[in-house]
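As structure tokens, the structure follows; a few thoughts come after it.
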Amino acid sequence: MVTVTPYIPQNITVHLAGPTVSAANVTVPFIDYVKNVASSEIYPTWEESALTANILAIISFALNRVYTEFYRSQGYDFDITASTAIDQKFINGRNYFESISRIVDNLFNDYLRRPGFVEPLAAKFCNGTTVTCEGLSQWGSQRLAEQGLNSQQILRRYYGDNIEIVRDAPLRGYTPSYPGTPLQRGSRGPNVVRIQVMLNRISRNYPAIPRIGSVDGIFGTQTETAVRAFQQIFGLTADGIVGKATWYRLVRLYVGVNSLAELESEGQTFYAVRWQDPGQLQSGARGQSVRQLQFMLRVLSEYIPNIPPVQEDGIFGPATRNAVIAFQRFAGLIADGIVGPNTWRALYDRSASIASTVRDIVGQYPGSPLQSGDRDYQ
């Protein structure tokens, strides 16, 4: 079995706005990025255990973005954004607090992950007062620290007991994940592990891809068969060889299915509101109906590569119009960028179906214990 430990990048490239908003990119040392975010997100006077817990969450979230190539797999030329709505607060050129800087110097190459997983944990967090989320509460972590909890106890309180801290991960310059040469029958090593992990995760949402029984870093018959099935589904040359096109399609779909699973909390909102036909939406429209439209487009973009992701800002701008046109073309509708009754119903039907499927996959206990000999015939 090959052990894969993600590297800590020497540098990280930050887009100074949301992903679809025109803004500058800045490339900074990863350790300075963590100091910047921590100094922007939390208070230097907090208990050290609270600071440590928050810093580990900040590191893990950023590493998850880099390791999964969350943005680069979508064609962007940056690793993370400065948008607090979807990433972490980064203020270009700010000074760092001494107490925070000292902790980061000791922690910058430690991160969180789930036991048995390769990728760093996408450790969500929020301030816990004006904004709450399914993740660490910043002010809540300080209250727990004041009660005497250490950093690991705080982290487990928010992310569960099944987390581990990877210590002293190696450091190297960031390079795109594609290994440079195709991987095929007989290949071995960490890159094959990544292929096997991605295929097995994607297969949960695309059952036609056979599951690889052993993630062992050996490109054998099972892996080749799964690669061919993946290539056939997504219109690639079905040769069983993972070249650059197949590699990056795997990366994008892997990021997509994991991101859609993370929409569970938003999915509750999705079913809690009334989704009546708003009449007609087009460029210039604003409000809750536009937010609902953007949410549906975001869900669909995770599975349909031709639909670009959009921000849920309630403003029907050029990016939303482009995504609507892409969906209309996909669905065989008139591609005018205007959301009338037919487009709205088609959006709702497809996004509701996907969200329901994901809720079934990630959120339901099967009803009885699973043990040796049980099978999944789905």
Counted neighbours (other Cβ, 10 Å), sorted fewest up, put Thr45, Thr27, Thr343 in the order Thr45, Thr27, Thr343
Tell me, what is the percent relative contact order of segment 8-172, built from C-alpha pairs under 8 Å that lie six or more residues apart?
-> 28
Setting aside same-chain residues fewer than 8 positions from Lys124, which lysines have a Cα under 16 Å from its Cα?
-> Lys89
Net charge, Gln282 excluded, C-beta distance under 10 Å - Lys, Arg +1, Asp, Glu -1 | 0
Which value results when the Cα radius of gyration for segment 190-261 is divided by 2.2 N^0.38 Å?
-> 0.97
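Only counting other Cβ atoms within 10 Å, I'd like Ser301, Ser22, Ser187, Ser99 sorted with the fewest neighbours first.
The fewest-first ordering by Cβ neighbours comes to Ser22, Ser99, Ser187, Ser301.
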Contact order normalised by residue count of segment 160-238, Cα under 8 Å, 6+ apart, percent = 26
Which whole-number percent gives the relative contact order of segment 10-106, counting Cα pairs below 8 Å spaced six or more residues apart?
-> 39
Which order do peptides 196-202, 106-112 fall in by mean Cβ count within 10 Å, highest first?
-> 196-202, 106-112
Under 5 Å, built H, 5+ apart or other chain: amide partners of Ser83 | Ala17, Gln88
Thr81: net charge of surrounding residues, Cβ under 11 Å, Lys/Arg +1, Asp/Glu -1, itself excluded?
-> 0
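Which order do Glu164, Glu119, Glu312, Glu98 fall in if you start with the one that has the fewest other Cβ atoms within 10 Å?
Lowest count first: Glu98, Glu164, Glu312, Glu119.
Going by average Cβ neighbours within 10 Å, how do the peptides 79-90, 30-41 rank, with the highest at the top?
Values: 79-90: 20.0, 30-41: 22.8.
Ranked from most to least packed, the peptides come out as 30-41, 79-90.
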Phi to ³J(HN,Hα) by Karplus 6.51 cos²θ - 1.76 cosθ + 1.60 over segment 22-28, Hz, x for Gly, Pro | 5, 6, 6, 9, 10, 10, 10
The local net charge around Ala50, scoring Lys/Arg +1 and Asp/Glu -1 for residues other than Ala50 whose Cβ lies under 10 Å from its Cβ, equals -2
Phi angles of segment 229-242, converted by Karplus (6.51 cos²θ - 1.76 cosθ + 1.60, θ = phi - 60°) into ³J(HN,Hα) in whole Hz with x for Gly and Pro, give 4, 4, 4, 5, 5, 9, x, 9, 4, 7, 9, x, 10, 8
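No lab work stands behind these numbers, since they all come straight from the coordinates. On a predicted model such as this, the values are computed, not experimentally measured, just so you know. Note: ideal-geometry Cβ built from the backbone for every residue, glycine included; neighbour counts use all protein chains shown.
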